[in-house]
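Let me begin by presenting the structure, written as structure tokens, before commenting on it.
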Amino acid sequence: MIFTVTHELDYVILSNDELNVFGYGRTIEKAKIMLEEDLTERNQQVDRIVYQITEADGTEQWICEYLDLKGCIGVGDTYDEAVKEGEANKAVWLKTDQEKRKLASSRA
């Protein structure tokens with residue numbers, strides 16, 4: 001699911017017209033928090049958000065981010081590259097989380 005990042009005055013807006021949801025804030029992080037709240041209020045779930053950003057030097061990057069997996073992202077020059085990297089990172093994230101839980105339960 002592709003989300004659009006726009007900048008209005010001092011705000012970042014993260015939105016998806018198909019789902020009719022959005023979040024905004026002074027940073028992309030705050031916009032994501034509001035987006036998650038809007039999704040929850042509308043009883044909608046997305047496993048990942050994919051959006052394009054333009055860095056200060058003008059470089060455009062695609063970001064694939066898993067909202068429920070803190071810090072789990074993929075980055076690429078194209079949508080497909082970001083999603084592919086995101087999927088690979090998701091697998092590593094989940095395996096690491098499983099190993100951490102197993103270790104924690106063995107210590108208890």
Of the residues in the stretch 3-21, those that are surrounded by 15 or more Cβ atoms within 10 Å (Cβ to Cβ) and over 14 Å from the mean Cα position of the chain (by Cα) come to V12, L19, V21
Can you find a residue in the stretch 37-53 that is modelled with pLDDT of 90 or more, in contact with a strand residue (DSSP E or B) (Cβ under 8 Å, 6 or more places away or on another chain) and over 30 Å from T96 (Cβ atoms)?
no
The number of residues in the stretch 54-95 that are surrounded by 12 or more Cβ atoms within 10 Å (Cβ to Cβ), under 12 Å from the mean Cα position of the chain (by Cα), within 21 Å of V12 (Cβ to Cβ) and not aromatic (F, W, Y) is 10
Here the residues within the stretch 66-103 that are in contact with a helix residue (DSSP H, G or I) (Cβ under 7 Å, 6 or more places away or on another chain) and not hydrophobic (A, V, I, L, M, F, W, C) are Y66, G74, G76
Checked against (1) touching a Cys at 6+ places or on another chain (Cβ under 7 Å); (2) not in a helix (DSSP H, G or I), W93 satisfies every condition except (2)
- Message: For the stretch 22-38, check the following and say yes or no: at least one residue is touching a Ser or Thr at 6+ places or on another chain (Cβ under 7 Å) and surrounded by 15 or more Cβ atoms within 10 Å (Cβ to Cβ).
- Response: yes
Would you confirm, using the coordinates I've provided, whether Q98 is surrounded by fewer than 14 Cβ atoms within 10 Å (Cβ to Cβ), without any contact (Cβ under 8 Å) to a residue 12 or more places away in the chain and within 15 Å of the chain's Cα centre (by Cα)?
no
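The values are calculated or read from the model by the stated rules, or taken from the named source; none is laboratory data. Values in this document were obtained by computation on a predicted structure and should not be read as measured data. Note that we place each Cβ from the backbone using ideal geometry, even for glycine, and neighbour counts take in every protein chain shown.
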